[in-house]
1. In the P(r) worked out for the range 3-281, what percent of Cα pairs fall beyond 35 Å?
2. Neighbouring Cβ atoms within 10 Å as the yardstick, rank S241, S229, S104, S2 fewest first.
3. With +1 on each Lys and Arg Cβ and -1 on each Asp and Glu Cβ, how big is the dipole of the range 110-248 about its Cα centre, in debye rounded to the nearest 20?
4. Would you mind ranking L115, L68, L262 so that the residue whose beta carbon has the fewest other beta carbons within 10 Å leads the list?
5. Rounded to the nearest 20 Debye, what is the dipole magnitude of the range 3-281 about its Cα centre when Lys and Arg each give +1 and Asp and Glu each give -1 at the C-beta?
6. For a footprinting-style exposure proxy, rank Y162, Y219 by other Cβ within 10 Å, fewest first.
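What follows draws every value from the coordinates through simple rules; no lab data is involved. Source: prediction; values computed, not measured. Neighbour counts are summed over all protein chains in view; Cβ atoms, including those assigned to glycine, are modelled from backbone coordinates with ideal geometry.
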Amino acid sequence: MSVTVMLWVITAAALHAAWNLGVKSHDNPDVSMTAVVLGHSPVALIALWWVPLPLAAAWPWLLLGACLHLAYQLTLMSAYRLGDLSHVYPLARGTAPLLVTLISLLFLDKQFNALELTAVALIVVALLSQVRLSATKASWHAARLSLFTGCLIASYTLIDGYGARIAATGVGFYAVMALLNTGMLMVVMRWRRPGTVTQVIKHHKWLAIQGGSASFAAYAIVMWAFTQSPIALVSALRETSVAFAVMMGMVFLKERPTPRALWAVILMLIGLIVLRLAPALT
């Protein structure tokens, strides 16, 4: 992975943590997630003025990706209603790069050197070390939903990565998929949670604009990176957003990080260093 790609993916991770910080400040996950997804649409339309449309061969991947993103969003909403952000987020995000790497190795005939696998392992361990579960039934149900969310993240990561390469435009692929996904979620929310979309439009425009712009930019960068570097490495690097979330919590929410959180950040930084040095040392 080149320095340029690495820096852009780290930027995407910071943007991902930033919009999650905005979502975290809202007490209704249905409203906050709907606002962020709705905010994708204007940014996607603007992006399509500047980037080419995906090739026709990519449309099956676009539709499948949009469906997987919808399932991810709905499952994540359910998980957040039952569990805390500190439980759900690291379990879901830590599961995904592990699954992407395993699938890449076992079924997609991808080859990684020992240092690259070590870097992925360090990042995954750092993420999963943040998981804290209580003995309540709701907490364990949230954990199951979080694991399923991680499976969905891994699925759409692989579909999006290969779809972007077929489309010959990572950003164009994601812009079209974002519009499809937004339409799907609006239909589902009108049926599942009537009034949510209206509430967002009337009272949460700023969350939609800020969160939607940051979320779209973050994943558009990742989609471009999928066309430049191995999907598994990009997936693992993207999840360093958890480290940014810890730092942003300290600065903006005045949270005091636990020793476990600080160790996780250190492990992620070591993983980043190993990932960067891997090509030079092999």
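1. Here the tail beyond 35 Å accounts for 12 percent of pairs.
2. Listed from fewest to most nearby Cβ atoms, that is S2, S229, S104, S241.
3. In total the dipole reaches around 600 debye.
4. Details: L115 17, L68 22, L262 12.
Result, fewest neighbours first: L262, L115, L68.
5. 580 debye
6. Y162, Y219
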